[in-house]
Amino acid sequence: MAFRRGFKSQCERRSVEFRRHLGLQPTDALSADALAEHLRVTVWSVTDVAGLTPYDQKVLTDQEDDSWAAMTMRIGADDLVIYKPVPSPGRRNNVIMHELAHIALGHELAEACMLPDGSLVPGNFSQDQEDEADWLAGTLLLPRPALLAIRAQSLSDQAACSKYLVSREMLSWRIRMTGVDYQLSVRRA
């Protein structure tokens, strides 16, 4: 995962800036729904999509199929994020925030086609754009000030995930990728 120079710092600044626009502190949780509203992006679950046959709904909500979790569609000048319902509020927040990161970064929307088995396959996949959206989404959910606050308050992983509406995987990834634990251990030594 190699990013252009300054990209990670830009993500941290954007995270704080979005929070400021929403009246939040850098250490406050940011829900994908609040950011979507701020960005004027409509968010629907697959179950909100009218006109799907019961078979199509079953295929698109299949938890065993990991070919997709959410996608963004542009209808005229408006953006619509459609996500597969998931049992975890943290996972839901993660997948929607990833799509919002694509929008905030001005990425080209991927074209997708559905295979006969119901799997969605992107037609113009860009790993660089996916990596950028992953990084920005993680930073929006858990910016460095929030990670430092989690450690300063000695929050358990479960409490931090609940407070920040993230999955345990996201919390672990952000802590590992930012080096917050290492940074704090060096300060203590």
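Rule-based calculations on the coordinates, nothing more; no lab input. Predicted model only: the values in this text are computed from it and were never measured. Neighbour counts run over all protein chains shown; Cβ positions are idealised from the backbone, glycine included.
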What is the Cα centroid distance between the stretch 123-157 and the stretch 50-94, reported in whole angstrom? 21
Pop a pseudo-label 7 angstrom from the Cα along the beta-carbon direction at both ARG176 and LEU109 and give the gap in nm to one decimal. 3.3
Karplus-derived 3J(HN,Hα) from phi for the stretch 57-73 (6.51 cos²θ - 1.76 cosθ + 1.60, θ = phi - 60°), whole Hz, x at Gly and Pro, runs 4, 4, 5, 6, 10, 4, 6, 6, 8, 9, 6, 7, 10, 7, 8, 10, 10
When HIS107, HIS98 are ordered from fewest to most other Cβ atoms inside 10 Å of their Cβ, what list results? HIS107, HIS98
Suppose every K and R has +1 on its Cβ and every D and E has -1 on its Cβ; what is the size of the dipole of the chain about the Cα centre, in Debye to the nearest 20? 1240
If I stretch the segment between ARG40 and GLN10 completely, what's the gain in nm (0.36 nm per residue apart, minus their alpha carbon distance), one decimal? 8.6 nm
Ranked by Cβ crowding within 10 angstrom, fewest neighbours first, how are THR53, THR42 ordered? THR53, THR42
I need ASP134, ASP181 ordered by Cβ neighbour count within 10 Å, fewest first. ASP181, ASP134
Mean separation of Cα contacts under 8 Å (6+ apart) over length of the stretch 7-183, as relative contact order %: 26
Efficiency by 1/(1 + (r/R0)^6): what FRET value for LEU184 and ILE75, r their Cβ-Cβ distance, R0 = 35 Å, to the nearest 0.05? 0.15
Could you check the spin-label model distance between ASP157 and GLU169? Points 7 Å from the Cα along Cα→Cβ, value in nm. 1.3
Among DSSP beta bridges whose residues both lie in the stretch 7-183, state the antiparallel percentage, nearest 5. 70
